[in-house]
Amino acid sequence: MAVRFVSSNIISSLGFSTEENFQNLLQAKIGIQSIDDPLLYPTPFLAACIHQAELEKRWIETNQKEVAASRLEKMLILSITEALSKTKIDISSSRTAILLSTTKGNIDLLNPIESIDPERLLLWKLGEFIGHYYGNPNPVRVISIACISGVLAINTAAMMLKGERYDHIIVVGGDLVTRFVVSGFMSFLSLSETPCKPFDRDRDGLSLGEAAGTLILEKTSFPEKGDILFSGGATANDANHISGPSRTAEGSVIAIQNAMTEAGFAAKDIDHINAHGTATRYNDDMESIAIQRLGLSESPVNSFKGSWGHTLGAAGIIETTALIESMKANTILPTAGFHSPGTTENLIVTKKPLSKPLNTCLKLASGFGGCNAALVLNKM
Amino acid sequence: MTPQITAFCHIKKNQVFLNGKSIFSAGPEVDMREFVKAAFRNTGTKYPKFFKMDDYSKLGFLAAEVLMKEVDVSTIEAKSTGIVLSNNHSTLTTDQLFQESIQSDESFFPSPSVFVYTLPNIMAGEIAIRHHFTGENAFFVSSAFDPDWHTFYINQLFDSKKISACLSGWVEMDDQSLDAFVYFVEKGNDLRNESMLHTVEELNNLYKINDK
């Protein structure tokens with residue numbers, strides 16, 4: 001039995017489909033811009049936001065049931081609907097389950113919006129709303145574990161497919177750029193003054209972004225040539241600090257080791273690593289140490305945070321989606337914002353698209369609370 | 001072999017229960033937040049960082065502290081001990097506290113030490129640091145404690161050999177009430193006398209054991 005990826009969608013500052021986003025990443029386009037909106041933050045700041053007029057236009061076209069939805073709910077539903085439209089999967093079947101990855105969900109509903117049930121501030125109520133929208137009979141599982149939520153949701157989907165109950169899992173994730181999140185990261189002094197520069201010598205912090213993404217996974221006994229399969233995943237905790245990564249990359253190393261053991265691959269098999277790469281000094285150094293400790297330094301590394309910003313609960317999903325597209329195209333995507341190396345351990349960071357056979361790849365994520373996650377993808 | 005539950009702890013209605021027996025309590029007039037602090041002092045653990053945590057993390061941390069005093073740590077491998085928790089409200093009470101500090105431009109004072117606690121897994125991170133647990137982590141949000149999901153998820157982690165033990169449970173808090181049920185689960189072992197298996201039925205029983 002194998003688990004393969006059958007469809008996807010990305011809604012971000014760089015477009016409304018996986019294809020559009022992939023083309024923009026290929027050109028190292030940057031969705032991060034200056035935002036001057038006193039409702040979001042008292043002074044101008046940088047973030048990668050979704051094109052509002054386009055979002056509303058698409059929502060009106062899609063929302064035939066005329067359901068009243070919050071901004072995040074519109075993004076999530078548009079994302080699932082588009083990913084689903086490319087398949088024949090029945091989302092209302094009891095053999096299909098939905099997993100939701102989010103850190104803050106409808107946190108903007110702390111200031112209630114007319115016509116939206118304020119209870120949807122609760123993450124499980126948000127999940128329930130999405131499930132009801134599609135008439136799905138199963139509970140929508142909600143995963144909320146900081147910035148590894150998306151990767152853990154994919155790992156969890158694969159685990160669910162190994163059981164008997166489901167044939168398809170729809171993994172959807174999203175988070176917004178809100179006053180709540182911008183003020184929080186500002187108070188941490190962790191936002192860069194310029195669009196963020198992952199793994200760069202002069203990196204000085206992260207950029208926030210907003211996005212929704214969907215990945216649909218399927219159980220199959222007959223994977224076909226070219227299919228991208230889920231082959232292993234794991235999480236681990238640094239047990240070191242709640243708001244900074246371990247200096248020895250302890251948790252990341254354990255997560256990568258366990259994911260590779262489950263997948264049955266060794267360091268020499270890894271063709272490419274899509275890192276978390278937030279562009280904070282500590283995160284990127286920590287990842288360089290993990291990669292070095294595991295003998296993975298020969299694998300080219302990239303990060304998409306310089307294009308999309310850090311999209312929190314969507315990050316693991318949309319970044320894994322872009323990695324899947326890279327594997328299909330045998331092309332490693334560039335790292336927008338990266339110019340000169342400058343991490344504790346040397347890494348090969350891609351500045352330009354790089355053609356290379358990509359058969360086995362690694363995706364990394366790390367977050368507040370000392371959590372780390374990894375997953376391994378393999379091409380049939 | 002089905003993993004076994006080796007200890008469990010409940011905290012609710014100003015009472016702390018360990019393996020079903022009340023070990024600390026306070027009258028209904030005591031504020032639940034003060035109760036959590038008093039119960040922590042009662043454990044005898046000196047850990048000043050506890051008092052800097054938000055109310056939600058204090059509750060989970062206390063439950064883990066009580067629980068781990070009952071576990072023979074010489075027999076567990078901290079490196080492969082996981083933490084899998086769930087709740088209903090995520091961090092809503094702390095979210096509201098942070099929101100108050102940013103609601104208006106006139107009184108705009110966001111604090112990083114409040115913001116960091118607006119993620120539910122920070123509590124798991126605090127427990128991981130205290131007990132050196134570096135294994136699998138997960139946090140789920142659902143309407144109620146879901147023994148079906150917990151047994152499925154954790155038993156799969158044991159099956160795939162990603163964990164050798166796990167601190168798991170439900171740690172829930174809103175403005176009005178709190179409800180913590182945490183338990184320790186280890187690899188199945190024939191030699192153990194008390195064999196509480198990590199099954200849906202057993203978890204349902206244990207979760208309700210102190211409901212009277």
Legend entry - Unmet requirement for B:Phe24, which otherwise passes all of (1) under 25 Å from B:Ala144 (Cβ atoms); (2) more than 16 Å from the chain's Cα centre (by Cα); (3) surrounded by 15 or more Cβ atoms within 10 Å (Cβ to Cβ): (1)
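For every residue, the table says whether it meets (1) of a type in the set (Gly, Ala, Ser); (2) within 10 Å of another protein chain (Cβ to nearest Cβ); (3) in contact with a helix residue (DSSP H, G or I) (Cβ under 6 Å, 6 or more places away or on another chain).
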position	(1), (2), (3)
A:Arg141	no, yes, no
A:Ile145	no, yes, yes
A:Ser149	yes, yes, yes
A:Leu152	no, yes, no
A:Met160	no, yes, no
A:Gly163	yes, yes, no
A:His168	no, no, no
A:Val177	no, no, no
A:Met186	no, yes, no
Inset, instruction - Give me a count of the residues in region B:42-78 that are more than 21 Å from B:Glu186 (Cα to Cα), among the β-branched types (Val, Ile, Thr) and in a helix (DSSP H, G or I). - result: 1
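This table checks each residue for (1) aromatic (Phe, Trp, Tyr); (2) more than 17 Å from the chain's Cα centre (by Cα); (3) part of a loop (DSSP other than H, G, I, E, B); (4) within 30 Å of A:Met327 (Cα to Cα).
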residue	(1), (2), (3), (4)
A:Glu19	no, no, no, yes
A:Lys29	no, yes, yes, yes
A:Pro38	no, yes, yes, no
A:Thr43	no, yes, yes, no
A:Glu56	no, yes, no, no
A:Lys74	no, yes, no, yes
A:Leu78	no, no, no, yes
Legend entry - Wholly enclosed helices (runs of 4 or more DSSP H) of region B:104-209 bearing at least 3 residues small (Gly, Ala, Ser) and facing chain A (nearest Cβ under 9 Å): B:121-131
Inset, instruction - Output the residues belonging to region A:133-165 that are assigned to a loop (DSSP other than H, G, I, E, B) and of a type outside the set (Val, Ile, Thr). - result: A:Tyr134, A:Gly135, A:Asn136, A:Pro137, A:Asn138, A:Pro139, A:Ser144, A:Ala146, A:Gly163, A:Glu164, A:Arg165
Inset, instruction - Considering each residue of region B:67-95, count those that are within 9 Å of chain A (Cβ to nearest Cβ), without any contact (Cβ under 8 Å) to a residue 60 or more places away in the chain and more than 23 Å from A:Thr235 (Cβ to Cβ), and give that number. - result: 1
Inset, instruction - Could you please give the count of residues in region A:63-80 that are touching a residue at least 40 places away in the same chain (Cβ under 8 Å) and either surrounded by fewer than 18 Cβ atoms within 10 Å (Cβ to Cβ) or touching a Pro at 6+ places or on another chain (Cβ under 8 Å) (or both)? - result: 3
Legend entry - Residue list for region A:205-232, filter: outside any strand (DSSP E or B) and within 14 Å of chain B (Cβ to nearest Cβ): A:Gly205
Legend entry - Residue check, A:Ala315 of a type outside the set (Ser, Thr, Tyr), over 21 Å from A:Phe188 (Cβ atoms) and outside the structural domain of A:Gly15 (by TED's automatic domain parsing): no
Inset, instruction - Being within 16 Å of the chain's Cα centre (by Cα) and either on the phi < 0 side of the Ramachandran plot or touching a residue at least 40 places away in the same chain (Cβ under 8 Å) (or both) is the filter here, so list the residues in region A:1-17 that pass it. - result: A:Phe5, A:Ser7, A:Ser8, A:Asn9, A:Ile10, A:Ile11, A:Ser12, A:Ser13, A:Leu14, A:Phe16, A:Ser17
Inset, instruction - Hand me the list of helices (runs of 4 or more DSSP H) wholly inside region A:233-350 holding 1 or more residues that are farther than 25 Å from A:Ser207 by Cα and modelled with pLDDT of 95 or more. - result: A:250-263, A:281-293, A:315-329
Inset, instruction - Identify, by number, the condition in (1) under 29 Å from B:Lys79 (Cβ atoms); (2) without any contact (Cβ under 8 Å) to a residue 40 or more places away in the chain that A:Phe222 doesn't meet. - result: (1)
Legend entry - Subset of region B:69-95 (residues that are among the hydrophobic types (A, V, I, L, M, F, W, C) and either within 25 Å of B:Pro112 (Cα to Cα) or surrounded by 22 or more Cβ atoms within 10 Å (Cβ to Cβ) (or both)): B:Ile83, B:Val84, B:Leu85, B:Leu92
Inset, instruction - Test A:Ile113 against the stated conditions and say whether it is within 28 Å of B:Glu106 (Cα to Cα) and away from chain B (no Cβ under 14 Å). - result: yes
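Of all the residues that make up region A:178-204, how many are part of a loop (DSSP other than H, G, I, E, B) and either in contact with a Ser or Thr (Cβ under 9 Å, 6 or more places away or on another chain) or not aliphatic (A, V, I, L, M) (or both)?
Residues of region A:178-204 that are part of a loop (DSSP other than H, G, I, E, B), as a first pass: A:178, A:188-190, A:192-199, A:201-204.
So of that shortlist, the ones also either in contact with a Ser or Thr (Cβ under 9 Å, 6 or more places away or on another chain) or not aliphatic (A, V, I, L, M) (or both) come out as A:178, A:188, A:190, A:192-199, A:201-204.
Number of matching residues: 15.
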Inset, instruction - Give region A:255-270 a look and list any residue that's facing chain B (nearest Cβ under 10 Å) and not β-branched (Val, Ile, Thr), or say none. - result: A:Ala255, A:Asn258, A:Ala259, A:Glu262
Legend entry - Candidate set: region B:72-92, residues that are modelled with pLDDT of 95 or more and among the hydrophobic types (A, V, I, L, M, F, W, C); chosen: the one nearest to the chain's Cα centre (by Cα): B:Leu85
Legend entry - Unique match (being at pLDDT 95 or above, surrounded by 24 or more Cβ atoms within 10 Å (Cβ to Cβ) and of a type in the set (A, V, I, L, M)) among A:Ile89, A:Ile10, A:Ile60, A:Ile35: A:Ile10
Inset, instruction - Taking A:Ala315 as the residue in question, decide whether it is among the small types (Gly, Ala, Ser), surrounded by 24 or more Cβ atoms within 10 Å (Cβ to Cβ) and within 16 Å of A:Thr248 (Cα to Cα). - result: no
Inset, instruction - Pairs only if they're at least six apart or on different chains, beta carbon under 6 angstrom, first in region A:181-194 and assigned by TED's automatic domain parsing to the domain that holds A:Thr102, second in a helix (DSSP H, G or I) and of a type in the set (Phe, Trp, Tyr); list them, first residue then second. - result: A:Gly184/B:Phe115; A:Ser187/B:Phe115; A:Leu191/A:Phe185
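The values are calculated or read from the model by the stated rules, or taken from the named source; none is laboratory data. Note that the coordinates shown come from a computational prediction; the quantities given were computed from them, not determined experimentally. Methodologically, a virtual Cβ is constructed for each residue, glycine included, from the backbone with ideal geometry; neighbour enumeration extends over all protein chains shown.
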